[in-house]
1. Past the 23 Å Cα-Cα mark, which pairs from B:Lys22/B:Lys44; B:Lys9/B:Lys40; A:Lys109/B:Lys44; A:Lys105/B:Lys67?
2. For segment B:15-83, run through the trypsin sites (Lys or Arg not before Pro) and keep only the ones in DSSP coil with at most 13 other Cβ atoms within 10 Å of their Cβ.
3. Could you work out, residue by residue across A:29-42, how many beta carbons of other chains sit within 10 Å of that residue's beta carbon, and then give the average as an integer?
4. How much of the accessible area of segment B:1-82, in percent, comes from carbon and sulfur atoms when a 1.4 Å probe is used?
5. Filter the chymotrypsin sites (Phe, Trp or Tyr not before Pro) in segment B:4-103 down to the DSSP loop ones having no more than 15 other Cβ atoms within 10 Å, then list what survives.
6. Volume per residue, Å³, of the convex hull around the alpha-carbon atoms of segment A:19-64?
7. For A:Glu14, what accessible area in Å² do you get when you roll a 1.4 Å probe over the heavy atoms of the protein chains, rounding to the nearest 10?
8. Only sites in a loop by DSSP and with at most 13 other Cβ atoms within 10 Å count here; which chymotrypsin sites (Phe, Trp or Tyr not before Pro) in segment A:52-110 make the cut?
Amino acid sequence: GQSLEQPSEVTAVEGAIVQINCTYQTSGFYGLSWYQQHDGGAPTFLSYNALDGLEETGRFSSFLSRSDSYGYLLLQELQMKDSASYFCAVRAYNFNKFYFGSGTKLNVKP
Amino acid sequence: DTAVSQTPKYLVTQMGNDKSIKCEQNLGHDTMYWYKQDSKKFLKIMFSYNNKELIINETVPNRFSPKSPDKAHLNLHINSLELGDSAVYFCASSLRQGEQFFGPGTRLTVL
């Protein structure tokens, strides 16, 4: 089966840096994605790591280490609007299945 | 222009009723999905269609039946609604691996 573990909640202050971890157990997958979801909204795509290493997109970076079964999302220069839930997800080798982590609620405080 | 749209946005209905949710994408993607997000925000894939053909059918009750009349549409019909069906249902589409575009969601409340 597939399972992706994330911390349930993280709190940080405006301007700070925060890292949201994702550890997984999966038999095989194409890559690790990250999505942001504001309360009452839809998930929106943030980043994708097909290969090990760091991918940077503006204030957001994502990292994958297949050997450690681990990835993370790094958010820099936090803003109040970054308060949301963040999900990691994998697309498994078997057919076209996407599996999502349980989500991390990020609270950004002034 | 809306990329992935769903109707209705809210659906309140009685137990035992039958209802449908419609989804359309104008992105030209080949693959479309239905997800269920429960009250704890857990996102679970239900169905996936590629070019109108069903490729994933997770273990959902057979009261749920997806239909894809063409590549741009994927509808979800639910028979004999139960209290446990209350959730937010998201339609999504994708072209490239890892990146999915989600619709705004349909909040279903079964009374």
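1. Values: B:Lys22/B:Lys44 18 Å; B:Lys9/B:Lys40 19 Å; A:Lys109/B:Lys44 30 Å; A:Lys105/B:Lys67 34 Å.
From B:Lys22/B:Lys44; B:Lys9/B:Lys40; A:Lys109/B:Lys44; A:Lys105/B:Lys67, over 23 Å: A:Lys109/B:Lys44; A:Lys105/B:Lys67.
2. Counting only loop positions with at most 13 other Cβ atoms within 10 Å, the trypsin sites (Lys or Arg not before Pro) in segment B:15-83 are B:Lys40, B:Arg63.
3. Details: counts 2, 2, 3, 1, 4, 1, 4, 0, 6, 0, 1, 4, 3, 13.
Average neighbour count from other chains, rounded to a whole number: 3.
4. Numbers: 2140 of 4470 Å².
Solvent-exposed carbon and sulfur of segment B:1-82 make up 48 percent of the total.
5. Numbers: sites: B:Tyr10, B:Tyr33, B:Trp34, B:Tyr35, B:Phe42, B:Phe47, B:Tyr49, B:Phe64, B:Tyr89, B:Phe90, B:Phe101, B:Phe102; in loops: B:Phe42.
Those satisfying the criteria are B:Phe42.
6. Roughly 103 Å³ of hull volume per residue.
7. Approximately 90 Å² of A:Glu14 is accessible to the 1.4 Å probe.
8. Here the chymotrypsin sites (Phe, Trp or Tyr not before Pro) that fit, given the DSSP loop and packing criteria, are A:Tyr93, A:Phe95.
The values are calculated or read from the model by the stated rules, or taken from the named source; none is laboratory data. Given the structure is predicted, the values throughout are model-derived calculations rather than measurements. When we count neighbours, we look across all protein chains shown, and the Cβ atoms used for this are built from the backbone with ideal geometry, even at glycine. In case anyone asks, the SASA skips ligands and DNA or RNA and just uses the protein heavy atoms, side chains included. Shrake-Rupley method; radii C 1.70, N 1.55, O 1.52, S 1.80 Å.
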